[in-house]
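The values are calculated or read from the model by the stated rules, or taken from the named source; none is laboratory data. What you see is a predicted model, and the numbers here were worked out from it, not measured in a lab. Every residue, glycine as well, gets a Cβ built from its backbone with ideal geometry; the counts of neighbours run over all protein chains shown.
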Amino acid sequence: MDLIKLTTYIYIIFFIYAGINHFRHPNFYDSIVPTYIPFPRVSHLLVGILEIIIPLFLVTKYRSVAALVMIAFIIILYLGNLHVWLNGLPYGKNYFTNSQHTLRLFLQVVLIYITYMIYKYG
């Protein structure tokens, strides 16, 4: 199995796990949904469903489209994290330092890069 295929499967598992967590820990996600988004529970449960479904398309003939959709999705999701950072809100029960928020941003960039590699070479 080549590195891109292995990375793709790990990536899919990561996002499925993240999506499932929206259902396992809904109160945590309720607390980080920006206040300007109506129906926070419904919104983050929808995000959880999308985190499960969209990556699965990376192993279909729609891989290229799915990768581009995932890049847009990751950017949109980061806006919630940015909201937490800029407004000094807790991330669950913890407050992140600027260094932790910067690391979170870096990890989002890494996810976008991995998605781009799946798009380009998968």
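Observations on the structure shown:
- Of the helices (runs of 4 or more DSSP H) lying entirely inside the range 1-109, those carrying at least 1 residues that are at pLDDT below 95, surrounded by fewer than 16 Cβ atoms within 10 Å (Cβ to Cβ) and acidic (D, E) are 26-32.
- Checking Y119 against (1) aromatic (F, W, Y); (2) free of Cβ contacts under 8 Å to residues at least 40 places away in the same chain; (3) under 29 Å from L3 (Cβ atoms), the condition it does not meet: (2)
- Residues in the range 82-122 that are under 14 Å from the mean Cα position of the chain (by Cα) and β-branched (V, I, T): 5 in all.
- Here the condition is being under 20 Å from G19 (Cα atoms) and of a type in the set (S, T, Y); of T102, T97, T60, it holds for T60 alone.
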